[in-house]
Amino acid sequence: MFAVPEHTVLRPSPYRQIGIAALVRSVAADPDRWRDLLRFAPGHPVRVPLRSTDGDRAASDAEVWLSGWLPGQRTPPHAHDERVQGAFAVVSGLLVERSWDRSRTLRPGQVRVFGPGYRHSLLNAGLDPAVTVHVELPARTVRVAVG
């Protein structure tokens, strides 16, 4: 028998139980609940908060939002909070994600999951508007009510 230092043991997390990719996919797959909220504007992508309908308790700690991107719109390079993990799904359009020294083209149906402190930027590189759904757990500032 031997002792395992506390910091080496992976503790259960409610965020792993809901599956952050599954949560973002379920929201993205239900356009009837967010289609009327979708907005586009010159300048920066429009971010609209959404309510999670996932019944899992951990989803109540999620920040969920919809983004509308006109062609050429982008986020500046940014780092996500060291305390959150997240995911985003491309619903329509064509986005290019740049992280560190890598670039990825993301198409409808693709989901990107990221951990704490993730650094990237996004660009609508297509000729048409793009739509994305984003989730961060736990919420940074806004608590999203379930149901």
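Below is a table of values for the structure above.
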read-out: Only listed residue being at pLDDT 95 or above, among the hydroxyl-bearing types (Ser, Thr, Tyr) and more than 13 Å from the chain's Cα centre (by Cα), chosen from Thr141, Thr105, Thr132; value: Thr105
read-out: The range 108-124: number of residues that are closer than 21 Å to Val48 by Cα, without any contact (Cβ under 8 Å) to a residue 60 or more places away in the chain and surrounded by fewer than 16 Cβ atoms within 10 Å (Cβ to Cβ); value: 4
read-out: Wholly within the range 61-102, strands (runs of 3 or more DSSP E) carrying at least 3 residues that are at pLDDT below 95; value: 63-69, 85-92
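The values are calculated or read from the model by the stated rules, or taken from the named source; none is laboratory data. No experiment lies behind these values; they were computed from the predicted model shown. Cβ sites come from the backbone with ideal geometry, for glycine too, and all protein chains shown count toward neighbours.
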